[in-house]
Amino acid sequence: MIRNILDSYSSVVQDQLSESFANPNVSSLYVHFPFCKHLCNYCDFYKKIPSSSYEIEQFESDLDRYLKLNDFLLKEQKMSFLPLKTLYIGGGTPSLWSPIGLKKFLNKLATHEINLASDIEFTLEINPGTLGDHPRELLLEFMDIGVNRFSMGAQTLNPELLLMLDRVHSLEEVYQSLEALESTDCNYSVDLMLGLPESSKHNRNIISELDFFLKYRPSHFSVYILTTKNNYKHFTLLPSEEYIEQEYLEVSDHLRFRGFNHYEVSNFALDKKESKHNMQYWLSRSVAAIGPSATGLLRFLDFALRYKWAPQQIIYEIENLDKKTLQLENIYLKLRLNLGIDFSDLNLSPIDLTKFIDLGESWCSKGLAHKDPGTHKISLTPRGFLLQDNLLGDIFREFKHI
């Protein structure tokens with residue numbers, strides 16, 4: 001029996017939810033490191049293989065230009081940086097960035113009067129096979145300059161499926177990375193993928209994989225369903241929706257049984273180990289961003305500004321989100337979280353509120369949502385998470401008439 005996703009609330013999530021937008025300043029920064037040692041066949045993030053060390057050095061130099069333009073944008077919006085509560089280095093494969101290069105970047109932040117809070121969550125994405133011959137020593141070097149959370153992209157422990165995904169790391173390199181992470185006693189997350197091509201043929205056992213990882217004491221799992229376009233090399237070999245649904249629900253049930261909160265559609269965490277940085281996105285908070293293709297959000301009370309950097313030029317495009325657009329986006333984001341949404345917070349007329357309450361009741365009757373007793377607040381169950389796009393369609397159709 002799948003337990004309800006509201007069995008446990010994290011104080012980290014609740015604390016962030018209680019913050020207001022009265023102070024529009026920014027305390028989160030995302031940095032996109034665009035380099036990989038290999039371009040996997042399924043990945044659509046912006047990345048490239050560096051032709052030489054000079055190309056990475058040029059990126060390090062360009063970061064100053066990104067920061068200057070970002071400073072200009074914030075000043076134009078009458079915003080500024082507070083000491084950073086979260087700093088996330090994503091990619092790409094940021095573990096290819098040397099500790100020396102990363103330290104230089106931190107020094108650049110200081111010259112732009114961007115300081116790190118004493119309780120910062122500083123995350124660095126890493127991939128097996130990119131930590132060198134002495135992975136523990138490299139992790140400690142990163143930790144010495146302030147990194148206190150790692151996110152490792154393992155994806156699967158099935159060797160045939162690693163080949164299908166075009167991953168270049170070996171299982172032995174996964175094991176070495178896990179041993180290094182555990183030995184440093186650091187806070188880290190593991191990325192896994194579901195719905196992989198020919199999963200049945202290669203007898204993937206996702207529960208067995210989870211149990212193996214759990215021996216190394218990660219505090220967090222991000223478990224994503226592989227989504228691709230029709231031109232994906234193995235598109236015709238992807239498993240059925242029924243297979244993916246069963247796999248997803250098995251993961252949710254097993255990790256919650258092992259003490260993890262299913263706090264977001266694809267994310268599971270031990271108590272107080274949620275990704276603080278990603279929570280900023282899901283709660284529609286301001287997050288600054290720099291680097292090729294990086295996207296930032298500047299949030300105000302009734303509107304927001306989203307900006308995205310071009311992949312190959314240091315320029316950004318701006319999208320303005322008005323109150324109605326922002327409200328719909330907030331509904332989408334809140335339904336991704338186990339915190340759910342309270343329809344009475346949507347400033348609806350009594351007639352429209354009744355329509356939404358009835359809609360939520362219909363979801364609950366199908367096992368897709370849970371309703372808090374005595375309130376109009378509903379949260380999706382794991383099965384509801386799987387059908388989130390359909391459920392959002394129900395909401396958006398109602399909003400057209402408001």
- Return yes when L328 is under 26 Å from M279 (Cβ atoms), in contact (Cβ under 8 Å) with a residue 12 or more places away in the chain and touching a strand residue (DSSP E or B) at 6+ places or on another chain (Cβ under 9 Å) and no when it is not. no
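Here's the yes/no breakdown for (1) at pLDDT 95 or above; (2) surrounded by fewer than 21 Cβ atoms within 10 Å (Cβ to Cβ); (3) closer than 24 Å to P197 by Cβ; (4) among the β-branched types (V, I, T):
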site	(1), (2), (3), (4)
L138	yes, yes, no, no
M143	yes, yes, no, no
T156	yes, no, yes, yes
L163	no, yes, yes, no
V168	no, yes, yes, yes
L178	yes, no, no, no
L181	yes, no, no, no
- Item | Condition met for L84 (modelled with pLDDT of 95 or more, within 15 Å of I290 (Cα to Cα) and outside any strand (DSSP E or B)) | no
- Message: If the requirement is being free of Cβ contacts under 8 Å to residues at least 60 places away in the same chain, part of a helix (DSSP H, G or I) and under 17 Å from V31 (Cα atoms), which of these qualifies: I100, I120?
- Response: I100
- Can you tell which of L328, L333, L321, L301 is under 16 Å from the mean Cα position of the chain (by Cα) and closer than 30 Å to S80 by Cα? L333
- Quick one: how many residues across the range 29-79 are farther than 29 Å from D166 by Cβ and under 21 Å from the mean Cα position of the chain (by Cα)? 1
- Give the range 183-211 a look and list any residue that's loosely packed, with under 15 Cβ neighbours inside 10 Å and in a helix (DSSP H, G or I), or say none. S183, I207, S208, D211
- Find the residue count for the range 221-255, including only residues that are among the β-branched types (V, I, T) and modelled with pLDDT under 95. 3
- Message: For the list (1) crowded, with 20+ Cβ neighbours inside 10 Å; (2) assigned to a helix (DSSP H, G or I); (3) of a type outside the set (G, A, S), I need the number of the one condition that T130 fails.
- Response: (2)
- Message: I'd like to verify a number: residues in the range 353-402 that are surrounded by fewer than 18 Cβ atoms within 10 Å (Cβ to Cβ), polar (S, T, N, Q) and over 10 Å from F343 (Cβ atoms), how many?
- Response: 4
- Message: Restricting to the range 26-56, give me the number of residues that are over 19 Å from K233 (Cβ atoms) and touching a residue at least 12 places away in the same chain (Cβ under 8 Å).
- Response: 16
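Conditions (1) of a type in the set (D, E, K, R); (2) under 21 Å from N267 (Cα atoms); (3) in contact with an Asp or Glu (Cβ under 8 Å, 6 or more places away or on another chain), marked per residue:
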| position | (1), (2), (3) |
| --- | --- |
| I331 | no, yes, no |
| I351 | no, no, no |
| T354 | no, no, no |
| K366 | yes, no, no |
| T375 | no, no, yes |
| L380 | no, yes, no |
| D389 | yes, yes, no |
| D394 | yes, no, no |
- Could you grab me the full set of residues in the range 212-227 that are within 19 Å of E274 (Cα to Cα) and either buried (at least 20 other Cβ atoms within 10 Å of the Cβ) or in contact (Cβ under 8 Å) with a residue 60 or more places away in the chain (or both)? P218, H220, F221, S222, V223
- Query: Mind checking which pairs have a first residue in the range 183-208 that is under 13 Å from T156 (Cα atoms) and assigned by TED's automatic domain parsing to the domain that holds T227 and a second that is assigned to a strand (DSSP E or B) and polar (S, T, N, Q), Cβ under 7 Å, 6 or more apart or different chains?
  - Reply: D191/S151; D191/Q155; D191/S222; L192/Q155; M193/Q155
- Query: For the range 345-359, does any single residue satisfy the condition of being under 22 Å from M279 (Cα atoms) and not aromatic (F, W, Y)?
  - Reply: yes
- Item | Condition met for G92 (under 24 Å from N278 (Cα atoms), under 23 Å from the mean Cα position of the chain (by Cα) and surrounded by 20 or more Cβ atoms within 10 Å (Cβ to Cβ)) | yes
- Select from the range 248-277 the residues that are among the acidic types (D, E) and under 14 Å from the mean Cα position of the chain (by Cα) and write down the one among them that is nearest to I120 (Cα to Cα). E274
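Condition first: of a type outside the set (G, A, S) and surrounded by fewer than 21 Cβ atoms within 10 Å (Cβ to Cβ). Now tell me which residues in the range 256-272 satisfy that.
Within the range 256-272, R256, F257, R258, L270, D271, K272 meet the criteria.
Let's see how each residue does on (1) of a type outside the set (A, V, I, L, M, F, W, C); (2) within 22 Å of Y248 (Cα to Cα):
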residue: F356; (1), (2): no, no
residue: G360; (1), (2): yes, no
residue: S365; (1), (2): yes, yes
residue: L368; (1), (2): no, yes
residue: K371; (1), (2): yes, no
residue: R383; (1), (2): yes, yes
residue: L392; (1), (2): no, yes
residue: F396; (1), (2): no, no
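The values are calculated or read from the model by the stated rules, or taken from the named source; none is laboratory data. Just so you know, these numbers come straight off a predicted model, no measurement behind them. Glycine gets a Cβ as well: all are built from the backbone with ideal geometry, and neighbour counts include every protein chain shown.
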